[in-house]
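Read through the structure below, which is laid out as structure tokens, and then see the notes.
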Amino acid sequence: MSRRVPLHIYHRRLGTPAHRGNSFRAIRWALAHGYTGIDIDVTMTEDGFLIANHWQKLMRFDGFYDPSGRLDRNRKVKDLTWGQVSRLRTHDREPGDEPYRVHKLARMFEYAKDEQKRQSSRITLCLEIKPGDARLFGPTVYELIAHMADWPAWCGVDTIVMAQGRGDLWRVFKPASEAGLTTMVQWRGKQPPAHVAEYVKLAKYGRWVRTR
């Protein structure tokens, strides 16, 4: 993907709950305020659904709760089914809005496509693959993401797969690149290692994220 202008990525303000950035409301807000990209976190449920979510322990660290009261708040996303995750809600809400909920990544693509059309603008989904689940390093994950981006029902939504420069997140770039996805590293102060650089198409150094 080539761009002649900087990619201005919306990221929820640090210190606020991560679910605010992984929401339909965030996509609407970013488009309305001229952002050309939005940071969307990605994890996977026990039964293999990619979802827009930051923390593995989303009921402990991100303000979600189970209205039925049946789930332990220390359960991790990778140990929960989509049926369990889909019923979670937050107490956090804005006037006139319903509580936040977790969405499948496919639904985020679909919503972004519709909102782009409504606002006559474009936005890139910058998918940050989160640590803590080895399944997210497999090639099937990135083939599925590429399918979401290219399938006619969701066409028109630009996509970048990104990861921060630490630990095993480097394992994201090879399968993502091989699936034909644009990759971007968030790295402060030095170049990516040589064995990874060939899979990194974009790199941002220093303060590259604009926050609300």
**OP:** For Lys113 and Ala32, compute 0.36 nm times the residue count separating them, minus their Cα-Cα distance, and round to one decimal in nm.
**Re:** 27.7 nm
Subject >> Approximate spin-label separation Arg87-Arg73, in nm, with each point projected 7 Å along Cα-to-Cβ >> reply: 1.9
**OP:** Starting from the Cα of Ala134, step 7 Å along the direction of its Cβ; do the same at Ala197; then give the gap between the two resulting points in nm.
**Re:** 3.0
Subject >> Neighbourhood net charge (11 Å Cβ-Cβ; Lys/Arg +1, Asp/Glu -1) for His54 >> reply: 0
Original post:
Could you state the principal axis extents of the C-alpha atoms in the stretch 80-136, from the largest down, to the nearest angstrom?
Top reply: 37, 31, 17
**OP:** At 1.4 Å probe size, with no ligands or nucleic acids counted, give the accessible surface of Thr182 in Å², nearest ten.
**Re:** 10
Original post:
What figure in square angstrom, to the nearest 10, would you give for the accessible area of Asp114 with a 1.4 Å probe?
Top reply: 80
Original post:
Going by a ≥ b ≥ c, the root eigenvalues of the Cα gyration tensor, does the stretch 34-149 fall in the rounded group (a/c under 1.5), the prolate group (a/b larger than b/c) or the oblate group?
Top reply: oblate
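The values are calculated or read from the model by the stated rules, or taken from the named source; none is laboratory data. Here the structure is a predicted model, which is why all the values come from computation and not from measurement. No Cβ is skipped: glycine too gets one built from the backbone with ideal geometry, and neighbour counts run over all protein chains shown. We work out accessible area using only protein heavy atoms, side chains counted, and drop any ligands, DNA or RNA first. Shrake-Rupley method; radii C 1.70, N 1.55, O 1.52, S 1.80 Å.
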